1. So, taking all protein chains as they sit and a 1.4 Å probe, how much accessible area belongs to Asp106, in Å² rounded to tens?
2. If I model a spin label at Lys335 and Glu43 as a point 7 Å from the Cα along the Cα→Cβ vector, what separation in nanometres do I get?
3. Say each of Arg324 and Ala181 gets a label point 7 Å from the Cα, pointing the same way as Cα to Cβ; how far apart are those two points in nm?
4. Specify which labelled value, from [x] 33, 27, 21; [y] 39, 32, 22; [z] 33, 26, 25, agrees with semi-axes √(5λ) of the Cα gyration tensor in Å derived from the coordinates of the model shown.
5. Using the Karplus curve 6.51 cos²θ - 1.76 cosθ + 1.60 with θ = phi - 60°, work out ³J(HN,Hα) for each residue of segment 298-306 in order, rounded to whole Hz, and write x for Gly and Pro.
6. Considering only segment 61-187, what is the antiparallel percent among its DSSP beta bridges, to the nearest 5?
7. Within segment 272-362, list the GluC sites (Glu not before Pro) lying in a DSSP loop whose Cβ has at most 11 other Cβ atoms in a 10 Å radius.
8. For the chain, with every protein chain kept in place, what is the accessible area per residue (1.4 Å probe, Å²)?
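The values are calculated or read from the model by the stated rules, or taken from the named source; none is laboratory data. Everything numeric here is computed off the predicted structure, so don't read it as measured data. Please note: Cβ atoms are built from the backbone with ideal geometry, for glycine as well, and neighbour counts cover all protein chains shown. Side chains included, ligands, DNA and RNA excluded: accessible areas come from the protein's heavy atoms. Shrake-Rupley method; radii C 1.70, N 1.55, O 1.52, S 1.80 Å.
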Amino acid sequence: MARQINRRDFVKGSAAAGLGFWIAGRGAWAQGLAPDVVASPNEKLNVAFVGTAGRAGNDLDDTYSSGLANVVALCDIDDKDLGRAAMRFPKAKTYNDFRKMLEQKDIDAVVIGTPDHTHAVAAAASLRLNKHVYCEKPLTHTVHEARVIQELTAKYNRVTQMGTQIHAGSNYRRVVEIIKAGILGQISEVHVWCGKEWGASKTPEAAEPVPSNLHYDLWVGPAPFHEYNHAYLPAEWRRFTAYGDGTLGDMACHFCDLPFWALDLGHPTTISADGPPVAAGCWPHSLTVNYDFPARGALSAVKLTWYDGDRRPAKFAEWPKSARVGNGVMFVGEKGSMFADYGSHHLYPEENFKDFTPPPKTIAESVGHHKEWALACLKNDPSATTCRFAYSGVLTEAVLLGNVAYRSGKTLEWDAKNMRFPNAPQAEQFLHYEYRKGWEL
């Protein structure tokens, strides 16, 4: 049931959760060691899927095509999408309510591909039932939810993976190796930009008839209820604060994953955001977010700046043509800079690196993002996934703090251990919200 969020609930166990990434480490695969997860040819994972179309459909396809999964349950609030998936997997039981689905006894693992606002509720329920969990990005809709999911993951010790599929790509691994080898020296700045735009100027006003194939109340789930309007779904929910997290929530877990991985980033200490005036219930069409990360051992402090929509770094026009593209990451170091996107990377000044020899490969090639998770589930090894919730939960917290800074209009000093803003306690209202009755985290 819905419950009032109080300070004790908010910070309970947060010290351990906040350090979870550092304590757990990154696992053998991220250390560059050959994966030792070997499943029996006859051994498969019984997997349930929350969501069957769009991004969730891709997760269904990729998990099944790993050859390691039996599809035993399918859940969707859209009867048409559910029907299409059921035709492909006729032995799977079908549901509209994932809470009912989780009562099915033969489920080993759950894949969650719903809109952001139901990620945490579905993940928490699955973890409490001792299921392994794969969840799309961002891991959660709120900062508070991200911390709770990390705590539950540590408590139940399940195999987890957040859906940042590009993390499995070879290019990201080569970039991480270059940064960690010190080729650019200490990194002081990182600029991350994305040309997508998930913003709105106002929330839908008209109440429209709910299509007969939609179980709309189940779609709304824990969020504040708004009457149905076609502007909410499919996909457009990302524009609205009740259900999505804007462009930042949609894409920063992909692009900021690279500097988080390469630079061992954790919790930021200061966050500020610049965007158009806040429109009630809506995310902005463009946003700039500044994060300050402290020194980490021998690594220097880092200033990371995110830009989306039509916003770009101040020196963008002066950069080489190879870096002036719609999406990317620029690392600025003592000895040079490096641009990277999903499939390429370039070192600058180019003349200084014309004879560059890449460092030895220390990060093994991935067997595939979904297969990595399925193999780890079969071995029951929570450390064998590279985007497990102990890591991706911290990444998600940092990303979503940018939205908190935008909505609050303040430069926020973040006390990660206690989940407080000592200089702006009024901004803490944006760390979570009150769920509708009948739902719980």
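1. Counting only protein heavy atoms, Asp106 exposes about 70 Å² to solvent.
2. About 4.3 nm, to one decimal.
3. With each label placed 7 Å out from Cα toward Cβ, I get 3.0 nm.
4. From the options [x] 33, 27, 21; [y] 39, 32, 22; [z] 33, 26, 25, the structure gives [x].
5. Along segment 298-306, the couplings run 7, 8, 6, 4, 10, 9, 10, 10, 9 Hz.
6. If I count the DSSP bridges inside segment 61-187, around 0 percent turn out antiparallel.
7. Glu334
8. Roughly 40 Å² per residue, with all protein chains present.
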